[in-house]
1. Looking only at helices (runs of 4 or more DSSP H) that lie completely in the stretch 1-115, which have at least 2 residues being over 15 Å from the mean Cα position of the chain (by Cα)?
2. What residue, of Ala204, Ala186, Ala170, is modelled with pLDDT of 95 or more and either of a type outside the set (S, T, N, Q) or crowded, with 17+ Cβ neighbours inside 10 Å (or both)?
3. Could you check, for the stretch 59-73, whether at least one of its residues is exposed (fewer than 15 other Cβ atoms within 10 Å of the Cβ) and without any contact (Cβ under 8 Å) to a residue 12 or more places away in the chain?
4. Which count do you get for residues in the stretch 158-179 that are among the polar types (S, T, N, Q) and under 15 Å from Phe139 (Cα atoms)?
5. Of everything in the stretch 116-128 that's outside any loop (DSSP other than H, G, I, E, B) and not hydroxyl-bearing (Ser, Thr, Tyr), which residue is modelled with the lowest pLDDT?
6. Can you say whether Phe86 is among the aromatic types (Phe, Trp, Tyr), at pLDDT 90 or above and over 29 Å from Asp24 (Cβ atoms), as far as the supplied structure shows?
7. Are there any pairs, at least 6 apart or on different chains, whose C-beta atoms fall under 7 Å, with the first in the stretch 1-21 and surrounded by 10 or more Cβ atoms within 10 Å (Cβ to Cβ) and the second polar (S, T, N, Q), and if so, which?
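The values are calculated or read from the model by the stated rules, or taken from the named source; none is laboratory data. Bear in mind that the values here come from a model prediction, so they are computed numbers and not experimental data. Cβ placement follows ideal geometry from the backbone for every residue including glycine, while neighbour counts extend to all protein chains displayed.
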Amino acid sequence: MVTKLDHDVGTLLELLKNKGIHRDTIVFFASDNGPQSSKIFNSTAGLSGGKRGMGEGSLRTPMIVVWPGHVPAGRISDEPWAFWDFLPTCAALAGTRIPADVQVDGVSVLPCLLGGNMPGRKYFYWELHEGPCKQAVRFDHWKALRNKPGHPLSLFDLARDPSEKNNLAAKMPDLAARAEEYMKEARVETPEWPLNGNGREGSAED
């Protein structure tokens with residue numbers, strides 16, 4: 001499957017070039033979540049978790065962007081962004097505005113793609129409703145997890161501990177409290193996705 005995907009993406013990029021439209025076409029290539037098994041190809045590089053989780057191995061996936069003459073070739077950025085940024089980014093690429101009555105959580109990352117800085121934001125927030133409802137929030141280089149409603153948060157310093165092995169919540173209660181506030185602020189209560197611990201098929205990202 002990996003060989004076929006590599007071949008077919010290469011064929012697509014070559015077709016764009018042959019038709020002379022590769023400089024007018026931006027290509028995004030990414031996964032929607034972590035791997036089913038981290039044992040294959042060491043695909044999480046030591047990060048915790050995988051598909052259907054809240055660890056960095058679950059949420060952190062690479063994004064490859066190709067746009068000759070616009071996106072700097074060979075540049076690597078560690079700045080995070082998420083799929084809810086895709087719509088605002090596409091709107092910026094198209095030179096249009098999202099209607100004022102449409103609420104979006106994302107930001108346009110076009111400045112970063114073109115070689116500039118990533119726009120600032122307060123935090124990223126995730127929920128997963130498969131099994132016990134899980135929550136995660138990331139702000140700056142801090143990441144907080146709750147793997148079951150009513151359970152205490154775990155807090156990790158991703159700059160020093162990307163594998164999330166050292167829970168700092170007890171040592172840094174102020175940061176843990178800030179994470180709690182961000183989770184409350186980000187969440188929209190809805191009967192379709194209650195934080196009741198029961199879980200259901202799919203996730204709040206679907």
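1. 2-18, 86-94, 110-113
2. Working: Ala204 fails: modelled with pLDDT of 95 or more; Ala186 fails: modelled with pLDDT of 95 or more.
Just a single option satisfies the conditions, and that option is Ala170.
3. yes
4. 0
5. Leu128
6. Working: among the aromatic types (Phe, Trp, Tyr): yes; at pLDDT 90 or above: yes; over 29 Å from Asp24 (Cβ atoms): no.
Here the answer is no, as Phe86 does not meet what is asked.
7. Matching pairs, first to second residue: Leu16/Thr25.
Rundown of residues vs (1) of a type outside the set (Gly, Ala, Ser); (2) assigned by TED's automatic domain parsing to the domain that holds Ala159; (3) crowded, with 16+ Cβ neighbours inside 10 Å; (4) under 30 Å from Pro68 (Cβ atoms), yes/no style:
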{"site": "Ile98", "(1), (2), (3), (4)": "yes, no, no, yes"}
{"site": "Asp101", "(1), (2), (3), (4)": "yes, no, no, no"}
{"site": "Gly106", "(1), (2), (3), (4)": "no, no, yes, yes"}
{"site": "Val109", "(1), (2), (3), (4)": "yes, no, yes, yes"}
{"site": "Leu114", "(1), (2), (3), (4)": "yes, no, no, yes"}
{"site": "Glu127", "(1), (2), (3), (4)": "yes, yes, yes, no"}
{"site": "Gly131", "(1), (2), (3), (4)": "no, yes, no, no"}
{"site": "Ala136", "(1), (2), (3), (4)": "no, yes, yes, no"}
{"site": "Phe139", "(1), (2), (3), (4)": "yes, yes, yes, no"}
